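The values are calculated or read from the model by the stated rules, or taken from the named source; none is laboratory data. Fair warning: this is a prediction, and the values are worked out from it, not measured in the lab. Because the Cβ atoms are built from the backbone with ideal geometry, glycine has one as well, and the counts that use them run over all protein chains shown.
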Amino acid sequence: MNNNLTSKKIHSVEDARSLAKKRMPKMMFDFVDGASGDEKLCESNSKALDQIRLQPRVLRNIEKRKIKKNFLGSEYDQPFGFAPMGMCNLTWPGADKMLADECRANNIPMCVSMASSTSLEKMYDLSQGNCWLQLYNFQDEEFLMELLDRAHEKGYKVAILTVDVPIQFRRAKDNKNGFTVPFNLGPKQFFDFATHPLWSIGTLMYGIPKPMNYHTSKKVKKFVRSESRGSTDWNTLKRVREKWKGKLIIKGVMSPEDATKIKDEGVDAIQVSNHGGRQLDSATTSIEALPLIRNALGKDFPIIFDSGIRGGSDIVRALGLGADFTMVGRPLMYGIGADGAKGLRRIVDIIKEELSTTLGLVGLNDIKDVSSDIIAERFIREFKY
Ligand SMILES: Cc1cc2nc3c(=O)[nH]c(=O)nc-3n(C[C@H](O)[C@H](O)[C@H](O)COP(=O)(O)O)c2cc1C
């Protein structure tokens, strides 16, 4: 298929999702698209965002709209970054590089997952330092500490500790497809790859993706996706805070009580997230948690929001309900799955354009002026903000 033509077919995240579904092996598409348990929370995250209605305002000169945002001491061209996602090169060969290039071009941060298919050092070089490092704590805390040392040496200024995966929730589609890292190549997987030759040939040429931070580690060589992270507790957080002198974000917080306690541990920001519905399937939607956490933390404490964002209006909604910055996850992978770097560019452009238009239609010129005033009154009451 002609690449330019494919990108021209992308007018929304949903368009990219449909195209990616056809172009990617089923096992890989399901890994990206899937969620935990009954899989309803992923959809509910976006539906809950959609239910929040904004208040249009008229007769204001909105010719000079600005969507630049200062966050944690840096100015970014847009109020969103790329959420950490493990093993992105499974979506399409070279996806990590596409993400790094796009972040650099847009002056927005990309979060490099501990389980990324490119080493944190290489990602730093590719993005020219436009990146933050995300970590989990496995049984062996030494690995986490080693990665913090490596990140510091390389020049990373921001680390994210993800705390909402003490154990992995069941992912039915991955189990059905026999998804494992490294691959388990049986007849079903062989058929899946054979019927998606572009992906398969590209992957053979580019190299079978591996979690490269592990492969370049002095301490731990093997990534075991299902390994328990259950021993992570408040003492882990204290040790990480003591070790990491840069900015520290705690990701995966949904309870106001936890958020307050985490703030008291001296972290720099909290990321309200239910992991895009990939953990506790019966959890509340992320946007429901956001205003409650904003209320608990006070108006100035930095908050990032993710889970369910599918367009620029969703970002404006989240900023209106108390976020300072946002992260986008699956939509980026849909763009790449649909049409590589061009598909990713389309998704970012669509989000940017919608952000600016939404800002103008709620009567504002500067994204910094977004507050709960833009949310229609009934929804403010509902969300107790
Ligand atoms: C394929 C995939 C891999 C992910 N891997 C990680 C990861 O390694 N670390 C992490 O903190 N979150 C990970 N996440 C969660 C995202 O960072 C983010 O919280 C979520 O995708 C946001 O929801 P959205 O996809 O609806 O935008 C992953 C999500 C996806 C879709």
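Search segment 124-139 for residues being assigned to a helix (DSSP H, G or I) and over 14 Å from residue 157 (Cβ atoms), and hand back the single one that is nearest to the ligand (Cβ to nearest atom). If you could, list the steps in order and put the result at the bottom.
Filtering segment 124-139 down to residues assigned to a helix (DSSP H, G or I) leaves 124-126.
Imposing the further condition that a residue be over 14 Å from residue 157 (Cβ atoms) reduces the set to 125-126.
On the way: 125: 20, 126: 18 Å.
Residue satisfying both the conditions and the ranking: 126.
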field: Number of positions in segment 319-344 that are within 11 Å of the ligand (Cβ to nearest atom) and over 24 Å from residue 6 (Cβ atoms)
entry: 2
task: Identify all residues within segment 65-88 that are more than 16 Å from the ligand (Cβ to nearest atom), in contact with a Leu (Cβ under 9 Å, 6 or more places away or on another chain) and assigned to a strand (DSSP E or B); write none if there are none.
output: 66, 69
message: With the requirement that a residue be part of a loop (DSSP other than H, G, I, E, B), under 25 Å from the mean Cα position of the chain (by Cα) and either more than 15 Å from residue 115 (Cα to Cα) or acidic (Asp, Glu) (or both), what does segment 184-227 give you?
response: 207, 227
query: Which residues, taken from segment 351-385, are crowded, with 19+ Cβ neighbours inside 10 Å and under 17 Å from the mean Cα position of the chain (by Cα)?
result: 351
field: Inter-residue pairs, beta-carbon under 8 Å, first modelled with pLDDT under 80 and in segment 1-14, second surrounded by 11 or more Cβ atoms within 10 Å (Cβ to Cβ) and part of a helix (DSSP H, G or I), 6+ apart
entry: 3/339; 3/340; 3/342; 4/342
- prompt: Of the residues that make up segment 96-111, is at least one touching a Gly at 6+ places or on another chain (Cβ under 9 Å), assigned to a loop (DSSP other than H, G, I, E, B) and either farther than 19 Å from residue 251 by Cβ or more than 16 Å from the ligand (Cβ to nearest atom) (or both)?
  reply: no
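Give the residue, chosen from 46, 74, 116, that is polar (S, T, N, Q), under 15 Å from the mean Cα position of the chain (by Cα) and either loosely packed, with under 15 Cβ neighbours inside 10 Å or within 21 Å of residue 286 (Cβ to Cβ) (or both). Don't jump to the end; show me each part of the working.
Working: 74 fails: under 15 Å from the mean Cα position of the chain (by Cα); 116 fails: either loosely packed, with under 15 Cβ neighbours inside 10 Å or within 21 Å of residue 286 (Cβ to Cβ) (or both).
The match here is 46.
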- prompt: Under the condition of being modelled with pLDDT of 95 or more, surrounded by fewer than 16 Cβ atoms within 10 Å (Cβ to Cβ) and acidic (Asp, Glu), which residue from segment 214-269 is nearest to residue 170 (Cα to Cα)?
  reply: 233
